[in-house]
Amino acid sequence: MTRANLGRYAYLGLVILRVLSAFLGTGYIHPDEYFQNGEVTAGHVLGLNTHLTWEWNPVFPCRSVVPVWLTTGLPFLVLQHFQKGGHLSPRFVFAAERLPFLLSSFLLDYSVYHLVHDSARLHALLLLASSYVMHTYQVRPFSNSTEAILVAVSLVLLKGLFTGEVDRKTSKRGPAYLALLVFVCVSGLFTRITFVAFFLPIGFELLKWSLRETRFSLHALARLLSLPLLVAFTTVLVFVYADSAYFHGSTWLSTIEFTPLNFLRYNLLPSNLAEHGLHPRWLHLVVNFPMIATPGLLFYVLWAELDIATSRSREIKKDRAGVVERMQTVYQWVRLSATSILSIQPHQEPRFLTPLLVPMIALAVNNARILQARRPFMILWVVSNLALAALFGILHQGGVVPSLFRVHDIIYHDARGMRSYDYQIVYWKTYMPPRHLLGIRQADVDSGSIVVHDVAGTSPALMVDSLALLTNSTFSKPLSALLVAPFHAVRELDKGLRECMRERDRVFPHLDLDHIAESVQAGWRDGLSLGIFDVNTACLREALPSER
């Protein structure tokens with residue numbers, strides 16, 4: 001078997017692994033992967049109980065609903081069509097919201113394929129497909145995943161513009177590429193305002209290209225920009241109209257919403273950012289950027305940037321640089337612009353930098369040094385990506401989503417969705433449970449038959465109080481109380497309180513990075529498990545000290 005064929009089979013295997021990661025990877029990276037997407041559309045389309053976060057407050061909405069409806073709203077509509085009034089399993093909901101992100105992730109493969117030298121395409125695809133980012137962040141409903149695709153597509157379109165300057169056959173496509181880039185820019189702005197940080201160097205190149213194309217003629221420039229400006233105005237109008245209609249039910253001037261501006265205003269207040277966690281401004285540069293790149297790729301990216309700075313990679317005068325050389329400079333500036341601008345904000349998470357993966361791979365592969373990488377790089381690359389894929393794709397808070405499926409099966413115990421009990425469900429010391437993946441009908445919540453409490457990381461005393469105070473508000477069916485919590489947390493309770501709880505099920509694995517020491521003390525099995533417990537509330541009330 002030739003080396004090229006071996007590489008193709010390896011890429012195919014990595015694609016299959018990506019598919020499996022999308023549908024079987026239940027690790028829970030961050031609440032935003034559910035609460036900024038599926039949680040918003042599932043209630044409207046599927047009639048499920050959901051919990052909307054601050055971004056979706058109609059008084060001051062900070063997110064555009066258009067990307068959300070396009071990515072999960074449409075799949076949910078298809079799912080609703082096939083449901084036809086029957087009982088809906090949350091497992092299908094989970095698969096439906098992962099599918100569009102899995103499919104769209106291949107736009108990154110397409111982009112990398114077209115951004116590197118022809119001879120290095122397979123190598124670049126293998127790097128991309130083996131990155132843990134593709135098996136975790138990109139197959140999940142993060143707005144950052146959509147942002148990454150828009151950044152990559154922007155680079156492909158920009159390369160098309162550059163190619164048109166040297167190829168007469170494609171030179172006539174310039175205005176169309178420009179209009180598409182403007183559309184992508186506006187869409188990216190409404191998806192995440194941070195898109196500006198990635199697009200700024202691209203926008204600067206567009207300005208220079210426009211001036212070169214029109215030879216600094218104002219009349220020619222106005223004619224060239226007429227279509228892109230029309231596209232920009234129309235796209236903004238569509239987003240603003242959709243958001244205003246969604247949040248206010250009307251499009252009167254007094255109800256017009258420009259969500260990117262609202263988001264910017266919200267994040268300019270330090271008190272608002274403090275609610276989500278404040279980080280040192282060096283975190284992106286020192287921790288998050290190396291985490292997204294992983295050490296092996298980071299080394300070659302920095303080496304390529306050093307080559308550009310010292311003109312060692314190409315001995316070509318700047319005004320005679322080819323398309324590849326010009327794009328190399330763009331990739332570098334995209335990386336520098338994004339990490340610099342996003343570091344201004346004191347709230348920094350690794351996923352904010354995932355759009356840099358494609359430009360980093362293109363930069364390193366076109367530089368060619370990574371193509372001669374030896375065995376130490378391969379070992380470091382494979383080990384680091386396997387470890388991070390396992391951590392974020394499987395282990396981290398990995399029991400929360402499967403527990404929602406199992407609690408759903410407990411509540412609706414037959415295929416018709418019938419219930420024998422009313423339920424009070426308490427989640428303790430886990431990430432926020434996305435309600436739409438519990439698959440509870442909104443009608444059951446409105447009637448008081450099912451109530452979900454998320455007490456987050458509250459103290460054991462307050463958690464027990466919340467359980468002890470549970471009462472049946474409908475009396476139509478017997479009340480059953482369920483507690484979902486890590487085993488290490490339940491071990492903290494007094495023995496008398498623990499005797500009021502019976503283990504009904506456990507989900508393995510579940511890693512709580514905020515309580516590593518407690519997990520170690522509980523042993524590998526209990527320390528890495530999330531429990532579902534039946535709670536005897538009457539026993540709990542009797543076990544509580546009388547002074548409470």
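The values are calculated or read from the model by the stated rules, or taken from the named source; none is laboratory data. Everything quoted here is computed from the prediction, not taken from an experiment. Cβ placement follows ideal geometry from the backbone for every residue including glycine, while neighbour counts extend to all protein chains displayed. Remember, those area values only see protein heavy atoms, side chains included, never the ligands or the DNA or RNA. Shrake-Rupley method; radii C 1.70, N 1.55, O 1.52, S 1.80 Å.
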Testing G160 on (1) touching a residue at least 24 places away in the same chain (Cβ under 8 Å); (2) farther than 19 Å from N288 by Cα; (3) of a type in the set (G, A, S), one condition comes back false. Which one is that? (1)
Quick check on segment 517-540. Is at least one of its residues open to solvent by less than 40 Å² (accessible area, probe 1.4 Å), in a strand (DSSP E or B), farther than 29 Å from H276 by Cα and among the hydroxyl-bearing types (S, T, Y)? no
L52 is checked against (1) among the aliphatic types (A, V, I, L, M); (2) surrounded by fewer than 19 Cβ atoms within 10 Å (Cβ to Cβ); (3) in contact with a Leu (Cβ under 7 Å, 6 or more places away or on another chain) and fails just one. What number does that condition carry? (3)
If you take the residues in segment 178-197 that are in a helix (DSSP H, G or I) and hydroxyl-bearing (S, T, Y), which one is nearest to F352 (Cα to Cα)? T191
In segment 242-257, what residues are among the hydroxyl-bearing types (S, T, Y) and more than 11 Å from V65 (Cβ to Cβ)? S250, T251, S254, T255
How many residues, within segment 198-220, are more than 30 Å from L353 (Cα to Cα) and either buried (at least 16 other Cβ atoms within 10 Å of the Cβ) or hydroxyl-bearing (S, T, Y) (or both)? 3
Near pairs, Cβ below 7 angstrom, 6+ apart or cross-chain, from segment 213-225 (free of Cβ contacts under 8 Å to residues at least 24 places away in the same chain and assigned to a helix (DSSP H, G or I)) to any residue that is open to solvent by less than 40 Å² (accessible area, probe 1.4 Å) and β-branched (V, I, T): A220/T214; L221/T214
Residues of segment 82-125 being buried (at least 16 other Cβ atoms within 10 Å of the Cβ), touching a residue at least 60 places away in the same chain (Cβ under 8 Å) and not hydrophobic (A, V, I, L, M, F, W, C), which ones? S89, P90, R91, E97, R98, S105, S111, H123
Would you confirm, using the coordinates I've provided, whether S271 is modelled with pLDDT under 85, open to solvent by less than 80 Å² (accessible area, probe 1.4 Å), assigned to a helix (DSSP H, G or I) and not hydrophobic (A, V, I, L, M, F, W, C)? yes
What pairs come up if the first residue lies in segment 234-249 and is within 16 Å of A179 (Cα to Cα), the second is open to solvent by 50 Å² or more (accessible area, probe 1.4 Å), and their beta carbons are under 8 Å apart, counting only those six or more places apart or on different chains? T235/F183
Name the residues in segment 348-379 that are among the charged types (D, E, K, R), in contact with a His (Cβ under 8 Å, 6 or more places away or on another chain) and open to solvent by 40 Å² or more (accessible area, probe 1.4 Å), would you? none
Out of the residues in segment 480-503 meeting the condition of being crowded, with 17+ Cβ neighbours inside 10 Å and more than 14 Å from V464 (Cβ to Cβ), tell me which one is farthest from the chain's Cα centre (by Cα). S480
Those residues of segment 126-148 which are part of a helix (DSSP H, G or I) and either small (G, A, S) or open to solvent by 20 Å² or more (accessible area, probe 1.4 Å) (or both) amount to L126, A129, S130, S143, S145, T146, A148
Among all residue pairs at least 6 apart or on different chains, which show Cβ distances below 7 Å where the first residue, located in segment 497-510, is touching a residue at least 60 places away in the same chain (Cβ under 8 Å) and the second is among the aromatic types (F, W, Y) and surrounded by 13 or more Cβ atoms within 10 Å (Cβ to Cβ)? R504/F533
For segment 158-181, which residues satisfy the criterion of being under 18 Å from R212 (Cα atoms), open to solvent by 20 Å² or more (accessible area, probe 1.4 Å) and among the aliphatic types (A, V, I, L, M)? V166, A176
What about L386, is it part of a helix (DSSP H, G or I), open to solvent by 10 Å² or more (accessible area, probe 1.4 Å), in contact (Cβ under 8 Å) with a residue 60 or more places away in the chain and not polar (S, T, N, Q)? yes
Taking T234 as meeting all but one of (1) surrounded by fewer than 22 Cβ atoms within 10 Å (Cβ to Cβ); (2) touching a Leu at 6+ places or on another chain (Cβ under 9 Å); (3) assigned to a helix (DSSP H, G or I), write down the number of the exception. (2)
Does L261 satisfy the criteria of being open to solvent by 60 Å² or more (accessible area, probe 1.4 Å), farther than 30 Å from M134 by Cβ and in contact (Cβ under 8 Å) with a residue 24 or more places away in the chain? no
Residues to consider are V40, V15; find the one that is open to solvent by 10 Å² or more (accessible area, probe 1.4 Å) and either at negative phi or in a loop (DSSP other than H, G, I, E, B) (or both). V15
